[in-house]
1. Let me check the size of the stretch A:381-437 from its C-alpha atoms; what are the radius of gyration and Dmax in Å?
2. Check which residues have an amide H placed less than 5 Å from residue B:259's amide H, if you skip close sequence neighbours.
3. Give the average, rounded to an integer, of partner chain Cβ atoms located within 10 angstrom of each Cβ in B:163-169.
4. What share of all Cα pairs of the stretch A:275-399, in percent, falls into each consecutive 10 Å distance bin?
5. Looking at the stretch B:188-266, what % of the alpha carbon pairs are farther apart than 22 Å?
6. Compute the Cα gyration tensor for the stretch B:213-366, then decide on rounded, prolate or oblate, letting a ≥ b ≥ c be the square roots of its eigenvalues: rounded whenever a/c is under 1.5, prolate when a/b is larger than b/c in the other cases, and oblate in all that remain.
7. With a 10 Å Cβ neighbour count serving as the proxy for reagent exposure, in which order, fewest first, do B:517, B:172, A:328 appear?
8. Across the residues of B:132-142, average count of Cβ atoms on other protein chains within 10 Å?
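Please treat every number below as a calculation from the coordinates, not as lab data. Given the structure is predicted, the values throughout are model-derived calculations rather than measurements. Quick reminder, even Gly has a Cβ in these numbers, built from the backbone with ideal geometry, and neighbours come from all protein chains shown.
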Amino acid sequence: MMKSKADEEDYWNSSKFKAFTFDDEDDEFSRLKESKQAVNSIRRLVEEDDDEDDVEKVSWSGEPVGSKTSLFKTNPDDLSVRLYAPELRKPKSEYKDYVSDWSPEETIQRMQQGKAFSLEKFRSLQDKLLLLDFAVSAHDGNVITAVLIYLKRTLGKEVLFRELESRQTALRHLIQYLTETRDQRLLLELLRSLCRTGPCTTGREHLSITDENKRRDFLKSCLSLPFSPEDSAHVQDHFTLLERQIIIEATDRQAERGGKVEIFQKFPRRASILNMPLVTTLYYCCFYHYTEPEGTYSSSLNIRQTFKISEKQYFVTALAARAKLKAWSDVDALFTSRNWLGFTRKKSPLSFQRVVDILQKNSAPTQVLQDYVALVDDAELRISLAQKHKCHDIVINTYRDLKDRQLLLGYRGKVERGSAEERKIDELLNNPRRRWK
Amino acid sequence: MAHSARRDSPELPDFSLLKRLARDQLVYLLEQLPGKKDLFIEADLMSPLDRIANVSTLKEHEVDKLYKVEYKPITSTSDQLCFLIRPRIKTVKWICDVANADKATGKFRRYKIIFTPQKFYACEAVLEEQGIFGDVTTDEWAFYLLPLDDDIISLELPEFFRDNFLAGDQRWVRTAGSALHLLHSLYGPFSKVYGIGRCSKMAYESWREQVAEGEQRTRQAEIGRVFLIDRDVDFVTPLCSQVVYEGLVDDIFRIKCGCVEFGPDVTSDKSVKVMLNSQDKVFNEIRNEHFSNVFGFLSQKARNLQTAYDKRRGMDIKQMKTFVSEELKGLKQEHRLLSLHIGASESIMKKKTKQDFQELLKTEHSLLEGFEIRECISFIEEHINRQVSMIQSLRLLCLLSITENGKFYGVDHLLTFANLRHLGLLVEQQPGETLTVMESKVGKLVNDKTAGKLTDAFSSLARKSNFRALSRRLNLVPKSGEEYDLRVPRDMAYIFSGAYVPLSCKLIEQVLERDGWTGLEEVTKLLNGNEFAVTGSNGADSKAKNDAQRIILVMFLGGCTFSEISALRFLGREKGYKFIVVATAITNSSRLLESLLDNHV
């Protein structure tokens, strides 16, 4: 876990001993090094924990201590290396050949260990790919990305993309790298090229464009991208929604500023509708544009139609919006359906228990709540809801229907003295014709 | 509490050594930049740093001012700047901007970047690209492991999960290997390593390489066995609501780096930050308890406390003096802790009753059991319709798709579900705003993408998830209808009210019992394979160090929940093991899902 890096100030040499005493040097090993050191008259060794293989070759890149050469050793002719680290067995003239002798595999190993390396000598496509494949098989994302950065710099896009297609792990590293560096242009190109040649499965780009019109235009350009049918429907919807929001926002902002439209005065908008999600947009339209005819862009019914919003979702959203405005007649109308005989009855795609919950959260008065509590089918649930929301009539009627005198008597103690409810209970209890359980 | 624990559990190794090492190293690194300097710290490193070195330690080493990295132009006037950061491109780019801005105004400063736990070549490439390479010195602070408690060690790398399992980026594999290597050097040699998952396997190999690179030393092993497990082996467990005290506190208040902030709703005063670990005597006794037991325990404790206080009556001066000097301080401390945890429990109760917790749990349990799925789906649908909370809805959807996969409702259903009905995935409500801040999948490509991400993340598993089959084979879901006394847990299922034994912990139990994967072939097949069990070179003489064999290090790659830790503690008490949990980060359902959202980029 400790790496010694040739380029750094001599920190790693000493820190290792200070901090990690378990990492002691092997005696014989250091003696060998000492003698080498003497031979080469190097002031200090920079790397001391080389393994044996490395020692036999030239492993220490003996720059003068404290020099600031690049770790990304891009220059294979690095003078300092030649001057301070001659290979023992070979004459100096052969040294240059030697330094480039590290195979792709050895290079990857050195990279993993944080030792000095150079990628510049890998110029043939075959070498580059070997490098990449060894990096991938070493499972070291850090090294994979480093190799990819080099490949990206030295290979044409077409070639790089083509080769990555059959190398999924490397491909994902490149996508991640491009995402992180926000290289949107190349990322888009990469994704396009992948889609043309294979199924487009990996990630979708997202641009953080703040200007809504630019964003819309960008989305429009995305419509032509080869998404899967499902995804392209999403992009289409997203585009339509944003387009719609831009229109609504422009009109409403004007109306709000004009000060003539009552609802904007009474309930000023808290934020722009731009870039808001669909359900929020629907809520917004149910709130501000509920009564508009279906033909207008901002009508809630139109939104529902265009985006094929489910009945339940529409219902819940409209309910919440109208309740917030305390437009109880609208709320009522939501439930009303006529059967073929023309009778009206209350119907809801949502259980009435939930309806009550939503209304109550929007602070509906008891009279309103009562109507809906009464529609809860399950008697037990109805009673508990009625008690919770103080809908006395319902409790009383339910106990009456259950013919439960005891419960009714008990409930008498819970209503206010001298109230209409108490009188009603008394009437029931005192009615001799009534039969009890 | 009332567990029939084996008494002969071995002692845990001392992990404070890890802190000392990290501190010494940091001090050394700071000394490498002599003279006064300002230190910029990455936001998510502040808490971990705080556990290692306090401000006075930093000041002693000539750190003048401390700043949080905020990606803005800096105001520091110091001529030496030191940056303590995670190896992230965004942060390095910001540092380049700072250095380039100085250059433009002709200001000369020295810069040093300390990457922790290691640096990445990609970061150095940024330095090079921005023309800053050479102007900045870089170092690595090998701070891999932060002990959060006696038996919990964290790498504090929450991004590990997303990078590895979602993006398929293996940058942290070697980091995990290095962390393991560090533990091996200090507390090893390990005699047996088990594991399951692709990442575990890679981390294991990386560790082996690092062992081979270095040299072996023989010492008395303190940790005998190691179990590595990938988070994607078991997504079900972290998606469940937690009901054990420590897990609940994490779900609701979010424990950060072993510390929680209790607000006025708990303290009925101002907010306090509390360290939650075994040092807190009250917490230590309730952390692993099912929430239903906590109240009873706390009130009993309160009564005992009262009695202890009452002893004062009828004391003479001398006795009183001893009482004050010896007992009072402890009692006061206990009193403070007790009222904190009672406050927290009350607050938890309040929050949970408000959000139909019972119904939620029922739905989860039905999903785990594969029972009344239609009801569950309609519950989830309503949940979404009403825009309750996106994370909750996503969580339930994911649970649904994982548990029911291969049947009717696949993970693809996650998209279809949203798609067909245009329900949309939702975004959590901002406090104070009701239904106005919401989000639907179609509404924002960001979120559309979230769905895609989730599909990506879970599909690899879900397609072969086979949760139902696994559950049957490993007996994860006890028969319903049986009474389960949560006060006297009989198995690890107690952490989920007796409804489910966490898959991850069950695997660990089974493998330890069998000393390998033999007999679990069917199970590993259902889990996509990638299992291994390797005996170390010193496995032979393992009998001599029997105690170490019962100290088991479990490493969760991609995060671990407090519930799982509680389950392992239970298992340890039952079997006479001691578990040490090493996690890339502590996670829970919200963190897991949030890390897959895309709007934080």
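1. Gyration radius and largest Cα-Cα distance of the stretch A:381-437: 10.6, 31 Å.
2. Amide H neighbours of residue B:259, under 5 Å, 5+ apart: B:276.
3. On the way: counts 3, 1, 0, 3, 10, 10, 13.
What the average comes to for B:163-169 is 6.
4. 13, 39, 32, 13, 3, 0
5. Working: 1614 of 3081 pairs.
Pairs farther apart than 22 Å: 52 percent.
6. On the way: a/c = 2.55, a/b = 1.30, b/c = 1.96.
Judged from the Cα gyration tensor, the stretch B:213-366 comes out oblate (a/c at least 1.5, b/c at or above a/b).
7. Working: B:517 19, B:172 28, A:328 16.
Neighbour counts put them in this order, fewest first: A:328, B:517, B:172.
8. Working: counts 0, 4, 4, 1, 1, 5, 4, 6, 9, 0, 7.
Per residue, the number of nearby Cβ atoms from other chains is 4 on average.
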